[in-house]
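> Could you have a look at this structure, given as C-alpha cells, before my questions?
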Amino acid sequence: MPSDFTPPAAALASIQKGDLCAGCGACAGLFPDQIKMDQTPPGYLRPRQTDALSPQQEATFAAICPALGQKVAPDGRQDPALWGPYTEMMTGHATDPALRHAGASGGGLSALLDHLIKAGVVDAIVQTGASAELPIGNEMVISTTTEAIRVAAGSRYAPSAPLEHLAAQVAEHLESGRRFAFVGKPCDAAALRARCTQDADTAAAFPVILSFFCAGVPSHTGGEAVLAALGTTLAETASFRFRGNGWPGQATAIAHDGTERAMSYHDSWGGILSKHVQHRCKICADGTGVAADIVCADAWESDAAGYPVFEEAPGISLIVARTALGAELIAQARSAGAIETDPFDPEALAAIQPGQRERRRALLARLSALKLAGRPTPRYEGLQLWAAARQNPLTRNLKNFLGMLRRALRPRKTP
Ligand SMILES: Cc1cc2nc3c(=O)[nH]c(=O)nc-3n(C[C@H](O)[C@H](O)[C@H](O)COP(=O)(O)OP(=O)(O)OC[C@H]3O[C@@H](n4cnc5c(N)ncnc54)[C@H](O)[C@@H]3O)c2cc1C
C-alpha cells in the first residue's frame, strides 16, 4: 500500500469537510441504490447517501471522484502549463446556421455532436439541457436528433449532474449495444474518463467525451438573482436561457404570458452569476477539460476582464483536439461539411481567456493557504501547478494566498 494511501471513508469525509464536491453526479450514477442527487442551499447539486456503500464501492468511487483530485499525463502531446495536453487547436463554427446561432459560441460542440450521430460513431448524446421543472435549472438529456441537440445548445450557468444515470446508460449499452457521446463540464469529463479507465464496459458505452472551458458553476440563487435583476421571479418564468441565440447572446427570461426580458452576458455572468460560483470551482486545476477528446470554448477578442470587445457577432468556437481520436473526429466533421475551421495560434489563448489564465496561475497559492488552514484540498497530478504559479509575480501569488487564507479561517456559515 503506498504511504500516501487515503482510506476511502476518510476520503469521503474530506469531501464534505473541504466543501469539495463539484456536483457531477458520478457517485449517484455508479451507486443509484445508495446515493441520490439533491438540491441543497444555496442551490447546488449534492449527493445524499441513502444506504451504506461497501468498502469496495467506496474505493471505486474514491478513485474517480473529481472532488478528490485529478490526474493527467501528456503522453507525448504538447502540454502548455495553463491549457493542458492537446494535439491541435483551431477556431471554427457549425455550418448549420441554426446550430451556430443556438450555440454558446460558434455551435462547435453541437455540430460535432450532430456529426457523431449522423456518421454513426455513436447512437445518442448524453448532454445537459434546461430542466422541465426549474427554468433556471438543468437536467441530463439524451439526444438523437439535430433538433434535440439544437434545443440543448448554449451554456447553462447552473448546477448540472450529467453523470447521475451512468449505471443505467452502461446497462443499456450492454443490453442493446447503444453507444453514447458525452458532453459535460471538465469535472464531469474527468470523472467519466477515470471511470472508463476503471471499467471496460463504461469505456465501450462512451467512446467519445467532449467538454468545454469552464469558469465555475453558479448556484440556483445566482439564477434567481438574475431573474430579480430582470424584474421578475421564478414563479413568473416559463423558460430561461443563460446564453446562446447569438454570440455571446443574452440571458433571457420568457414569462408565462410570453413577455421577454433580457440582460447582457457582461451583466448576467460578470455582474451576478460569477459571484455565486461554488468553492470547488475556485480551486479547480482543470477549467479546460483535459480529460476530454475534444473541448470547445469562446474564441472572442476580450477585454482585461474576459468580456468580448464587441456587442454581438456570428459565433466562433475555439476547438481543441486533446487526443488522436478527437483530432480524427474533427477532421471527419470538417470533411463532412459539419464544421468550418481556421488555424489558431495557441500563444493567443492567454490573452483571450484571462479568467482561466488567472485562476490557474493563482491556484498553487490558494491551495497552499487552504492546506495551512487545515482544509482538505483536491490532489492534482500532472496539472503543472508550479509551472503555472511561476507565471505570476510573487506579489499576486501572495495576494491570492492571503485572500484564500482569510476566507478559510473565517467561521463557516451553516446552511
Ligand atoms: C458553467 C460554465 C462555465 C463556462 N466557462 C467558460 C470559460 O471560462 N471560458 C470559455 O471560453 N467558455 C466557457 N464556457 C463554455 C462556453 O460558454 C461554450 O460552451 C463554449 O464556447 C462552446 O460553445 P459551443 O457553441 O461550441 O457549444 P454549444 O454548441 O452551445 O454546446 C454546449 C454544450 O454544453 C452543454 N452544457 C451547457 N451547459 C452545461 C452545464 N451546465 N453542464 C453540462 N453541460 C452543459 C450542452 O448540453 C451543449 O451540448 C462555460 C460554460 C459553462 C456551462
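The values are calculated or read from the model by the stated rules, or taken from the named source; none is laboratory data. The structure presented is a predicted model; accordingly, all values stated were derived computationally and were not measured. Note that we place each Cβ from the backbone using ideal geometry, even for glycine, and neighbour counts take in every protein chain shown.
Here is a yes/no grid of residues against (1) away from the ligand (no atom under 12 Å from the Cβ); (2) farther than 17 Å from residue 404 by Cβ; (3) under 20 Å from the mean Cα position of the chain (by Cα):
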position	(1), (2), (3)
315	no, yes, yes
328	yes, yes, no
336	yes, yes, no
356	no, yes, yes
361	yes, no, yes
365	yes, no, no
372	yes, no, no
380	yes, no, yes
383	yes, yes, yes
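> Continuing with this model, one more query. Tell me which residues, restricted to segment 260-278, are closer than 14 Å to residue 245 by Cβ and crowded, with 22+ Cβ neighbours inside 10 Å.
265, 268
> Does residue 126 meet the test of being surrounded by fewer than 20 Cβ atoms within 10 Å (Cβ to Cβ), within 10 Å of the ligand (Cβ to nearest atom) and of a type in the set (A, V, I, L, M, F, W, C)?
Working: surrounded by fewer than 20 Cβ atoms within 10 Å (Cβ to Cβ): no; within 10 Å of the ligand (Cβ to nearest atom): yes; of a type in the set (A, V, I, L, M, F, W, C): yes.
Against the criterion (surrounded by fewer than 20 Cβ atoms within 10 Å (Cβ to Cβ), within 10 Å of the ligand (Cβ to nearest atom) and of a type in the set (A, V, I, L, M, F, W, C)), residue 126 does not qualify.
> Which numbered condition in (1) buried (at least 17 other Cβ atoms within 10 Å of the Cβ); (2) more than 29 Å from residue 193 (Cβ to Cβ) is the only one that residue 312 fails?
Among (1) buried (at least 17 other Cβ atoms within 10 Å of the Cβ); (2) more than 29 Å from residue 193 (Cβ to Cβ), the lone unmet condition for residue 312 is (1).
> While we're on this one: I'm trying to understand the selection: among the residues of segment 1-26, which are modelled with pLDDT of 80 or more, more than 20 Å from the chain's Cα centre (by Cα) and not small (Gly, Ala, Ser)?
16, 17
> Which of the residues belonging to segment 104-123 are within 7 Å of the ligand (Cβ to nearest atom) and in a loop (DSSP other than H, G, I, E, B)?
Those that are within 7 Å of the ligand (Cβ to nearest atom) and in a loop (DSSP other than H, G, I, E, B): 104, 105, 106, 107.
> Still on this structure, I have one more. Do we find that residue 58 is touching a Leu at 6+ places or on another chain (Cβ under 9 Å), away from the ligand (no atom under 13 Å from the Cβ) and acidic (Asp, Glu) in this structure? Outline the logic, then answer.
Values: touching a Leu at 6+ places or on another chain (Cβ under 9 Å): yes; away from the ligand (no atom under 13 Å from the Cβ): yes; acidic (Asp, Glu): yes.
Yes; evaluated as a whole, the condition is true for this residue.
> Same structure again: Given (1) touching a strand residue (DSSP E or B) at 6+ places or on another chain (Cβ under 8 Å); (2) at pLDDT 95 or above; (3) within 27 Å of residue 319 (Cβ to Cβ); (4) surrounded by fewer than 20 Cβ atoms within 10 Å (Cβ to Cβ), where does residue 391 come up short, assuming only one miss?
(1)
> Among the residues of segment 167-177, are any under 17 Å from the mean Cα position of the chain (by Cα) and small (Gly, Ala, Ser)?
Taking segment 167-177 as the starting set, the residues that turn out to be under 17 Å from the mean Cα position of the chain (by Cα) are none.
For segment 167-177, residues under 17 Å from the mean Cα position of the chain (by Cα) and small (Gly, Ala, Ser): absent.
> Only one of these is under 26 Å from residue 40 (Cα atoms) and among the basic types (Lys, Arg): 150, 156, 100. Name it. Break it down stepwise before answering.
Numbers: 150 fails: under 26 Å from residue 40 (Cα atoms); 100 fails: under 26 Å from residue 40 (Cα atoms).
Unique residue meeting the criteria: 156.
> Between 295, 277, 320, which is more than 9 Å from the ligand (Cβ to nearest atom), among the β-branched types (Val, Ile, Thr), within 18 Å of the chain's Cα centre (by Cα) and under 21 Å from residue 82 (Cβ atoms)?
Working: 295 fails: more than 9 Å from the ligand (Cβ to nearest atom); 277 fails: more than 9 Å from the ligand (Cβ to nearest atom).
Exactly one residue qualifies, and that residue is 320.
> For segment 256-265, state whether one or more residues are in contact with a Gly (Cβ under 6 Å, 6 or more places away or on another chain), farther than 30 Å from residue 173 by Cα and not acidic (Asp, Glu). Full working, then the answer.
So the first thing to find is which residues in segment 256-265 are in contact with a Gly (Cβ under 6 Å, 6 or more places away or on another chain), and the list is none.
For segment 256-265, residues in contact with a Gly (Cβ under 6 Å, 6 or more places away or on another chain), farther than 30 Å from residue 173 by Cα and not acidic (Asp, Glu): absent.
> Only one of these conditions is not met by residue 343: (1) away from the ligand (no atom under 14 Å from the Cβ); (2) in contact with a helix residue (DSSP H, G or I) (Cβ under 7 Å, 6 or more places away or on another chain). Which number is it?
(2)
> Further, regarding this structure: Given 69, 92, 84, 29, which one is over 26 Å from residue 113 (Cβ atoms) and touching a residue at least 40 places away in the same chain (Cβ under 8 Å)?
Criteria check complete, one pass: 69.
> Select from segment 109-123 the residues that are buried (at least 20 other Cβ atoms within 10 Å of the Cβ) and either among the hydroxyl-bearing types (Ser, Thr, Tyr) or within 19 Å of residue 170 (Cβ to Cβ) (or both) and list them in ascending order. Talk me through it step by step, then tell me what you get.
Taking segment 109-123 as the starting set, the residues that turn out to be buried (at least 20 other Cβ atoms within 10 Å of the Cβ) are 109-116, 122.
If the condition is that a residue be buried (at least 20 other Cβ atoms within 10 Å of the Cβ) and either among the hydroxyl-bearing types (Ser, Thr, Tyr) or within 19 Å of residue 170 (Cβ to Cβ) (or both), then 110, 116, 122 are the ones that fit.
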